[in-house]
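Here's the structure we're looking at; comments come further down.
The values are calculated or read from the model by the stated rules, or taken from the named source; none is laboratory data. Remember, it's a predicted structure, so these values are computed and weren't measured experimentally. Note: ideal-geometry Cβ built from the backbone for every residue, glycine included; neighbour counts use all protein chains shown. Remember, those area values only see protein heavy atoms, side chains included, never the ligands or the DNA or RNA. Shrake-Rupley method; radii C 1.70, N 1.55, O 1.52, S 1.80 Å.
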Amino acid sequence: MPRLETFDMKIKTGKRGPDKAPWYEINGFKLDFDEMTGGNGPAETLELTGEPQSFPHSLVLVGPSEGEWDIEGIEITYHVMGAPPYTLRLGGVTLDAETNLNIWYDRPPKVIDV
Amino acid sequence: MGSWFSKVFEKKKLEESAATAVVPEAIETDEAPESALPLPRKVISAPILADADSTTAPEGGIAIKAKLDEAKDTVTFLFDRQLLDGYSCWCADRKAAEASSPLALAVFDAGGAGTVLVYSSTLAVTRDGTGREGLEDYARRIGGVLRESLLAGVEAATPDFLEGMPSEEEFRALLQEVIDTEINPGIASHSGVITLNRVRGNTAYITMGGGCQGCAASSITLRSGIETSFRNVAPKLGALLDETDHEAGANPYFTDLPAGMGV
């Protein structure tokens, strides 16, 4: 498991959004995002940067404290120590007061045409 | 012969304590009781989206992608067609490939292969550790061998492959007995449990639960322990697929591999 220095997220909200600043948890500890632009109201795009500087046994985006958050898609770029950054794209999901979203993924294996 | 599980998951003997347990007395206060802690949230996953297909024009009409796993020294070849329908073919060595899969035999004869698994539209090769070429170079070389073989009409399985194949019910009974008598008693000390979900053809689908779910050592338990035990009782077993959602594991036994415990 690499040490995660920072990660950037771009979250596209669908019809319903909390319109409140989200936070994340790493290894069960709650952290605020260090940079935030845009919004997570309906049809908005939110760009976030987190700087955990730690080894992520778990990394989750915390769901809203009330209501539902329709996420159309997320793009995450991980900046890990000692290796180039890598980017993943996630599809749609709905979060609520009872759910968090897993956002930690190891570097995907390389796929080539042969 | 002691099983892999009894050696690895050694139960610790509990020593009887001579001392009686001490139960603290409840302290009465006038303070109101603490409000209940919020229930832990469920962690869910969103689907991972693949990048736009960047396949170049398929050579000879056969499109092949290779997924490289450097950690396991394995290449999984993904074809644009079914290689084997309804069954999977596991070849532990060249001799097994000679008996059951001409396509796998071509891979062994090209050099460098340790094991080959043909399943659905994929063919996975784990190297034998003798070659010096990088994994990507190896993938390109073997990809060429596979394309040539398929264009020449080489089959993924011999006509005799299905001869003597146990029924799904027979597979299920054999594997369930091993789970009940060897595997689950062995991993119970780590709060682990294995469930056989189903058998399709000769492919088995399992879920690793309890302390196994999300455990950093689960892949070792699967390959070194479960797969070995299964193949000992069911030599015609093909692919063994883990359907566990390891990212949802709430209490994995190992969150990271202990020192010296490699794949």
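Averaged over A:60-68, how many beta carbons belonging to a partner chain fall within 10 Å of each residue's beta carbon? It would help to have the intermediate numbers written out before the result.
Working: counts 4, 2, 1, 4, 0, 1, 0, 0, 0.
That works out to 1 on average.
Can you give the accessible area of B:Leu175, probe radius 1.4 Å, in Å² rounded to 10?
That residue has around 0 Å² of solvent-accessible surface.
To the nearest µm²/s, what D does Stokes-Einstein give for chain A at 20 °C and 1.002 mPa s, using the Kirkwood radius over alpha carbon pairs as Rh?
Stokes-Einstein gives a translational diffusion coefficient of 148 µm²/s.
Using 7 Å Cα-to-Cβ label points, what is the A:Glu98/B:Ile62 separation (nm, one decimal)?
With each label placed 7 Å out from Cα toward Cβ, I get 5.1 nm.
Kindly report, to the nearest 10 Å², the accessible surface of A:Met36 as traced by a 1.4 Å probe over protein heavy atoms only.
The value for A:Met36 is about 80 Å².
Quick one: what are the phi-derived ³J(HN,Hα) couplings along segment A:61-68, Karplus 6.51/-1.76/1.60 with θ = phi - 60°, whole Hz, x for glycine and proline?
Residue by residue, segment A:61-68 yields 8, 7, x, x, 6, 8, x, 10 Hz.
Within 12 Å, Cβ to Cβ, of A:Glu5, how many net charges do the neighbouring residues add up to if Lys/Arg are +1 and Asp/Glu are -1? Please report the intermediate quantities before stating the final value.
Working: positive: A:Arg3; negative: A:Asp8, A:Asp34, A:Glu51.
Its environment carries a net charge of -2.
Can you figure out the FRET efficiency of A:Leu31 with B:Glu148, using R₀ = 51 Å and their beta-carbon distance, to the nearest 0.05?
Details: r = 54 Å, r/R0 = 1.05.
Plugging the Cβ-Cβ distance into 1/(1 + (r/R0)^6) gives 0.40.
Please list, in chain and number order, the residues 5+ apart from B:Thr244 or on another chain whose amide H is under 5 Å from its amide H, with Hs placed from the backbone.
When sequence neighbours closer than 5 places are left aside, the close amide H contacts are B:Met208.
When only the heavy atoms of the protein chains count and the probe is 1.4 Å, how do A:Tyr86, B:Tyr119 rank by accessible area, highest first?
Most to least solvent-accessible, the answer reads B:Tyr119, A:Tyr86.
How far is the Cα center of segment A:1-33 from the Cα center of segment A:35-102, in Å?
4
Given R₀ = 45 Å, what would the calculated FRET efficiency be for A:Arg89 paired with B:Glu163, taking r from the Cβ atoms and rounding to 0.05?
It comes to 0.45.
Taking a 27 Å limit on the Cα-Cα distance, which of the listed pairs B:Lys7/B:Lys72; B:Lys72/B:Lys95; B:Lys72/B:Lys236; A:Lys110/B:Lys42; A:Lys12/B:Lys67 fall beyond it?
Flagged as over cut-off: A:Lys110/B:Lys42; A:Lys12/B:Lys67.
Tell me the net charge near B:Glu177. Cut-off is 14 Å between Cβ atoms, B:Glu177 excluded, with +1 for each Lys or Arg and -1 for each Asp or Glu.
Charge balance in the 14 Å sphere: -3.
Could you sort A:Met81, B:Met208 by accessible area so the largest value comes first, with the probe set to 1.4 Å?
Order by accessible area, largest first: A:Met81, B:Met208.
If the label point is 7 Å along Cα→Cβ of B:Glu133, which residues in segment B:83-110 have backbone nitrogen under 15 Å from it?
In segment B:83-110, the label zone of B:Glu133 (backbone N under 15 Å from the point 7 Å along Cα→Cβ) covers B:106-110.
If you take the beta carbon distance between B:Asp69 and B:Ser189 as r and set R0 to 45 Å, what does 1/(1 + (r/R0)^6) give as a FRET efficiency, to the nearest 0.05?
Once rounded, the FRET efficiency stands at 0.90.
Could you order A:His79, A:His57, B:His190 by accessible surface area, starting with the largest, using a probe radius of 1.4 Å?
Details: A:His79 60, A:His57 90, B:His190 30 Å².
The ranking, largest first, comes out as A:His57, A:His79, B:His190.
Multiplying the sequence separation of B:Ser224 and B:Lys42 by 0.36 nm and subtracting their Cα-Cα distance, what value in nm do you get? Intermediate values should be presented prior to the final figure.
Working: separation 182, 0.36 × 182 = 65.52 nm, distance 3.11 nm.
My answer for the length gained is 62.4 nm.
Per residue of A:102-111, count partner chain C-beta atoms within 10 Å of its C-beta, then hand back the mean as an integer.
Partner Cβ neighbours, averaged per residue: 5.
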